[in-house]
1. Is it true that V260 is touching a Phe, Trp or Tyr at 6+ places or on another chain (Cβ under 8 Å) and under 21 Å from C147 (Cα atoms)?
2. Just checking, does segment 186-199 include any residue being in a strand (DSSP E or B) and either touching a residue at least 40 places away in the same chain (Cβ under 8 Å) or of a type in the set (S, T, Y) (or both)?
3. Against the definition (outside any helix (DSSP H, G or I), assigned by TED's automatic domain parsing to the domain that holds L205 and within 19 Å of L30 (Cβ to Cβ)), how does A166 come out, yes or no?
4. Can you name every residue in segment 138-171 that is modelled with pLDDT under 95 and on the phi > 0 side of the Ramachandran plot?
5. Can you name the condition, by its number, that P29 falls short on among (1) closer than 19 Å to L138 by Cβ; (2) surrounded by 24 or more Cβ atoms within 10 Å (Cβ to Cβ)?
6. Any residue in segment 298-326 that's outside the structural domain of P269 (by TED's automatic domain parsing) and surrounded by 13 or more Cβ atoms within 10 Å (Cβ to Cβ): show its pairings with residues that are part of a helix (DSSP H, G or I) and modelled with pLDDT of 95 or more at Cβ separation under 7 Å, as long as the two are six or more apart or on different chains.
7. Taking A245 as the residue in question, decide whether it is among the hydrophobic types (A, V, I, L, M, F, W, C), surrounded by fewer than 17 Cβ atoms within 10 Å (Cβ to Cβ) and in a strand (DSSP E or B).
8. Looking at (1) assigned by TED's automatic domain parsing to the domain that holds V114; (2) part of a loop (DSSP other than H, G, I, E, B), which is the one condition that is false for D5?
Amino acid sequence: MPLSDGGEGFIEVLEALGGQREHVEVTGPLRSPVEASYLRLGNVAVIEMAQASGLALVGGPGGNDALAATTRGTGELIVSAARALARPAPGPAAAGPGAARPATGNRGQRTVVVGLGGSATTDGGLGALRWIEQQGGLGDTELVGACDVTVRFVEAAEGFSRQKGADEMQVVQLEARLRRLAERYEAEYGIDVGTVPGSGAAGGLGGALVALGGRLRSGFEVVAEMVGFHEAVARSSLVVTGEGALDASSLAGKVVGSAVREASASGVPSLVIAGRVSPEASAAVEALGARVVSLGGRFGEDRALSDVCGCIETAVAEHLDATGGG
């Protein structure tokens with residue numbers, strides 16, 4: 001079952017539900033035009049802010065201007081998606097059951113879900129917010145931000161701007177700018193975004209969505225609801241999950257830690273397979289009742305890197321044999 005925590009790949013995972021992909025030219029993070037897309041699933045449109053305002057679009061931190069990078073293109077993408085939702089879907093909408101549930105229990109509610117991850121920006125979402133306002137707002141379309149961090153608005157500069165190319169002086173400048181912007185949002189919208197967990201996601205875009213009346217949710221939970229993960233776990237005898245490196249971040253809103261917690265809560269055993277495993281993360285996952293296999297430790301680094309699928313198949317088979325499930 002494909003899963004995501006709201007970062008890059010968010011749309012690709014949810015395309016398993018069907019729907020239709022629409023492409024739009026928008027303003028990139030450094031104002032060059034880029035092509036982005038959204039996925040329409042009935043009354044829900046899913047976008048990745050990284051497609052419009054992502055760090056990869058500028059070639060990584062070395063090609064970025066951390067102070068100038070803007071989320072305007074994400075605002076353009078949100079507006080395009082919201083306007084499309086106001087029109088009937090072309091052809092049969094192949095949205096899976098529960099596709100509208102991540103935002104609201106009302107299946108008639110038009111909702112834009114924004115994956116918050118992979119950003120080049122620390123503009124507090126101002127570029128996106130201003131564009132949305134200039135276009136007359138989103139009407140009755142609901143905004144949901146899907147994120148995998150709980151960092152608050154002003155903390156986004158210290159926590160993430162260095163990996164977007166900011167030097168130490170720029171980190172200080174960005175933090176001061178976010179602090180002023182939080183005050184401005186509170187004055188204009190009556191919402192103290194600085195206190196909202198996750199408002200610092202995507203360089204503060206999470207806070208801008210909240211200022212616009214949107215809400216933030218765990219990206220994993222959004223996807224889990226849409227693809228039916230909770231129901232699948234309940235009828236399973238084993239949950240297998242994994243990633244390249246199991247470390248402290250794996251348990252902080254990421255797919256692996258979330259999947260293991262869900263399995264543990266449901267009384268279902270789980271197996272985590274990772275290329276590399278830190279002792280601390282392994283102990284934390286095992287405390288939830290999971291077994292952990294390091295492919296590098298079991299098969300050696302060379303084979304683990306060159307024959308990933310074969311190693312995973314062998315690791316799962318060995319686990320099933322050892323537990324009587326094979």
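1. On the way: touching a Phe, Trp or Tyr at 6+ places or on another chain (Cβ under 8 Å): no; under 21 Å from C147 (Cα atoms): yes.
It is false that V260 is touching a Phe, Trp or Tyr at 6+ places or on another chain (Cβ under 8 Å) and under 21 Å from C147 (Cα atoms).
2. Applying the first criterion (in a strand (DSSP E or B)) to segment 186-199 yields none.
No, the conditions are met nowhere in segment 186-199.
3. On the way: outside any helix (DSSP H, G or I): yes; assigned by TED's automatic domain parsing to the domain that holds L205: yes; within 19 Å of L30 (Cβ to Cβ): yes.
So A166 fits the description; yes.
4. Matches in segment 138-171: G139 only.
5. (1)
6. Listed by first residue and then by second, the contacts come to nothing, as the list is empty.
7. Answer is yes for this residue.
8. In the conditions (1) assigned by TED's automatic domain parsing to the domain that holds V114; (2) part of a loop (DSSP other than H, G, I, E, B), D5 misses (1) alone.
The values are calculated or read from the model by the stated rules, or taken from the named source; none is laboratory data. Worth saying up front: this structure is predicted, and the values here are computed from it rather than measured. All Cβ positions, glycine included, derive from the backbone under ideal geometry; neighbour counts span all protein chains shown.
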